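Student: Below is one structure. I have some questions about it.
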């Protein structure tokens, strides 16, 4: 039966208007985004099909590609783009407030921010957080991405960005999709190289933080910087 023929109390959009967003299930919220079904499947059934691809977990949903989303019945490229855009807005909202108001005082402050930035990447990415004199975030940028086991960052690109952003300090960071937080020898060497090069520009490398779903590793906290 089409959603339009359901009881008003059961229609996701009418339910939202009368009771508020908080009472809706994940599939109901997603069905409002999808908006329309077709002759074979309702928007709510399409939403459930999409969520099933991610084991009904919103965190896993954020990791699905456009091609993955289109494996759900009734989901074409247009609807997949809508879902991906909504997920990206949610991710940006999650990190917007810290970027505007939080002054970085500890590695845990930054690790929380970085986890939000990295959580949907299945490959290893290397990023830099550029800060001003007050240790407030000026800019975040992913400078390289690689495979499952590693990535290579170019110190020249990092320092060029630091000068462009007029940063007085920076924090290096990368994720370990495997969950292992132990830095490699290559991580150590790259950190030392960038720290030395940055010093010639009066830019301080405050830390190098590795994050994963298991937690984080701070070079500064562990005495490796």
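What follows draws every value from the coordinates through simple rules; no lab data is involved. Nothing here was measured: the structure is a model prediction, and the numbers come from that model. Note that each Cβ is placed from the backbone with ideal geometry, even for glycine, and that neighbours are counted across all protein chains shown.
Student: For the chain, what is the calculated [θ] at 222 nm in deg cm²/dmol (nearest 500), taking -39500 (n - 2.57) for each run of four or more DSSP H residues and dividing by its residue count?
Tutor: Values: 9 runs with 98 residues, N = 225.
Only helices count here, giving -13000 deg cm²/dmol.
Student: Run the numbers on the chain and let me know its relative contact order in percent, using alpha-carbon pairs under 8 Å that are six or more apart. Please list the in-between numbers first.
Tutor: Values: 325 pairs, mean separation 28.8, N = 225.
Contact order relative to length: 13 percent.
Student: Related question: Provide the percentage of antiparallel DSSP beta bridges, counting only those with both residues in the stretch 103-218; round to the nearest 5.
Tutor: On the way: 18 of 25 bridges.
Percentage antiparallel, nearest 5: 70.
Student: PRE reach from residue 199 (point 7 Å along Cα→Cβ): which of the stretch 207-225 fall under 18 Å by backbone N?
Tutor: Hits in the stretch 207-225 for residue 199 at 18 Å: 207-208, 219-221, 223-225.
Student: Stokes-Einstein diffusion coefficient for the stretch 103-218 at 10 °C in a medium of 1.306 mPa s, Rh from the Kirkwood formula over Cα pairs: what value in µm²/s? Mind dumping the intermediate values first?
Tutor: On the way: Rh = 14.0 Å.
The Stokes-Einstein estimate is 114 µm²/s.
Student: Could you give the angle, 0 to 90 degrees to the nearest 10, between helix 185-199's Cα long axis and the longest principal axis of the Cα atoms of the chain?
Tutor: Here the helix axis deviates by roughly 70 degrees.
Student: Taking Cα pairs under 8 Å and at least six residues apart, what relative contact order does the stretch 103-218 come out at, in percent? Mind showing how you got there, number by number?
Tutor: Working: 210 pairs, mean separation 32.2, N = 116.
Worked out over the stretch 103-218, it gives 28 percent.
Student: Please report the relative contact order for the stretch 102-141, taking Cα pairs under 8 Å with a sequence separation of at least 6, and give it as a percent rounded to a whole number. The partial results should precede the final answer.
Tutor: Values: 29 pairs, mean separation 17.3, N = 40.
With pairs under 8 Å counted, the relative contact order is 43 percent.
Student: For q values of 0.16, 0.21, 0.22 Å⁻¹, compute log₁₀ I(q)/I(0) with the Debye formula on a Cα-only model of the stretch 3-93, without solvent.
Tutor: -0.62, -1.03, -1.11
Student: Sticking with this one: Calculate the all-directions average of the projected area of the chain's alpha-carbon convex hull, and give it in nm².
Tutor: On the way: hull surface 56.8 nm².
For the chain, the mean projected area of the Cα convex hull comes to 14.2 nm².
Student: Per-residue counts of other Cβ atoms within 10 Å, averaged by peptide: what ranking do you get for 24-34, 183-193, highest first?
Tutor: Values: 24-34: 18.9, 183-193: 14.5.
Result, highest mean first: 24-34, 183-193.
Student: When ranked by the protection proxy of mean other Cβ atoms within 10 Å per residue, highest first, what sequence do the peptides 205-214, 48-57 form?
Tutor: Values: 205-214: 21.0, 48-57: 16.7.
With the highest mean Cβ count within 10 Å placed first, the list reads 205-214, 48-57.
Student: Further question: Could you give the angle, 0 to 90 degrees to the nearest 10, between helix 107-118's Cα long axis and the longest principal axis of the Cα atoms of the chain?
Tutor: That helix lies at roughly 50 degrees to the long axis.
Student: Right, here's the next one. Expressed as an acute angle from 0 to 90° and rounded to the nearest 10, what is the orientation of the C-alpha long axis of helix 155-164 relative to the principal long axis of the chain?
Tutor: 80
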